[in-house]
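A quick write-up on the structure given underneath.
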Amino acid sequence: MADLSPLLPLDFPADAVSLASVRAAVKEVESQLNGKGLNLLINNAAVNSHATLQSVQPEEMISVFTTNVVGPIQVAKFLPLLKRAAEEAGKEGLSCSKAAIINMSTNVGSIELCFKVLEIPMYPYRASKAALNMVTRCLAAELKDAGILCTAIHPGWVKTDMGTEKAPLTMECSVQGILSVLAGLSQATTGEFLDWEGKSLPW
Ligand SMILES: NC(=O)c1ccc[n+]([C@@H]2O[C@H](COP(=O)([O-])OP(=O)(O)OC[C@H]3O[C@@H](n4cnc5c(N)ncnc54)[C@H](OP(=O)(O)O)[C@@H]3O)[C@@H](O)[C@H]2O)c1
């Protein structure tokens, strides 16, 4: 298992949909790394929408896509720092302790699972996460030769503002599961879609 410590404690506000804000965050992270590369980038920020076919407005589709799809692509401005980490590692294979992008997805964004979990349509959210899944696959394909792993993770249904109190999983339980999944990621799991327990999900 790869060692995921030390994680960089960073208390810096960043708006993933603002290019200026993402660039400022890259600068801040670079200065804290003191010339070293960035090993692990987790695209966690997202917004939800329960809009149905009847209620959905074009502006809501665009706003959810902007945060959930355009945001993670802009966050790829961290790429030079990830490439630096991959070069510094000087080892074969892919891992989160070398260089990795993790995109937080959801099982309701799986096109194949759609007929099984359609009870809440959530058109903007589900469509945006399906698009994020494609971004994950493209990044994995494009960056593997640069030594950078890219995997999508479904955190489970978690008690957060988005998941609500009805969710069965605590944040601690989900985060612990995700950290142990991340520690085991490798060349074999780049471009894959896994849940918080490491189970493979269909795209
Ligand atoms: N909770 C679940 O059951 C569940 C299930 C499946 C997948 N997920 C995924 O897991 C991830 C985390 O979800 P969560 O449950 O923690 O959601 P959450 O409680 O709604 O928190 C979302 C976070 O994203 C931040 N955010 C939103 N827009 C942003 C932007 N433009 N720039 C920077 N930060 C932004 C929010 O910051 P502010 O509060 O400052 O706006 C908030 O901290 C998401 O990708 C979500 O889709 C969650």
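Taken together, the values in this text are just the output of simple stated rules run on the coordinates, not laboratory data. Because the structure is a prediction, the values reported are computed rather than measured. Because the Cβ atoms are built from the backbone with ideal geometry, glycine has one as well, and the counts that use them run over all protein chains shown.
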### Query
When the Cα centres of the range 83-118 and the range 177-202 are compared, how far apart do they sit, in Å?
7
### Task
Kindly provide the helix-only [θ] at 222 nm of the chain, computed as the sum of -39,500 (n - 2.57) over DSSP H runs of four or more divided by all residues, to the nearest 500 deg cm²/dmol?
-11000 deg cm²/dmol
### Query
Roughly what % antiparallel, to the nearest 5, for the DSSP beta bridges in the chain?
5
### the range 109-143: GluC sites (Glu not before Pro) in DSSP coil with no more than 12 other Cβ atoms inside 10 Å
E112, E119
### Message
What do you get for the angle between helix 79-89 and the principal long axis of the chain? Use alpha-carbon atoms, 0 to 90 degrees, nearest ten.
### Response
50
### Summary
With a ≥ b ≥ c from the Cα gyration tensor eigenvalues, square-rooted, and the rule rounded for a/c under 1.5, otherwise prolate when a/b > b/c and oblate otherwise, the range 106-203 is oblate
### Task
Take the cross-link list K144/K199; K83/K199; K83/K129; K27/K91; K36/K98; K83/K144 and give me the ones stretching past 20 Å between alpha-carbons.
K144/K199; K83/K199; K83/K129; K27/K91
### Query
Residues with amide H under 5 Å of L40's amide H, sequence separation 5 or more or different chain, H placed in the peptide plane at 1.01 Å from N; which?
A100
#### Entry: Listed peptides 176-182, 94-100, 145-151, 195-201 by packing density, highest first (mean Cβ within 10 Å)
94-100, 145-151, 176-182, 195-201
### Query
Given 5 Å bins starting at zero, what is the percent of C-alpha pairs of the chain in each, up to the one with the largest pair distance?
1, 8, 15, 19, 21, 18, 10, 6, 2, 1, 0
### Query
Looking at the range 3-96, which GluC sites (Glu not before Pro) are in a loop (DSSP not H, G, I, E or B) and have at most 10 other Cβ atoms within 10 Å?
E92
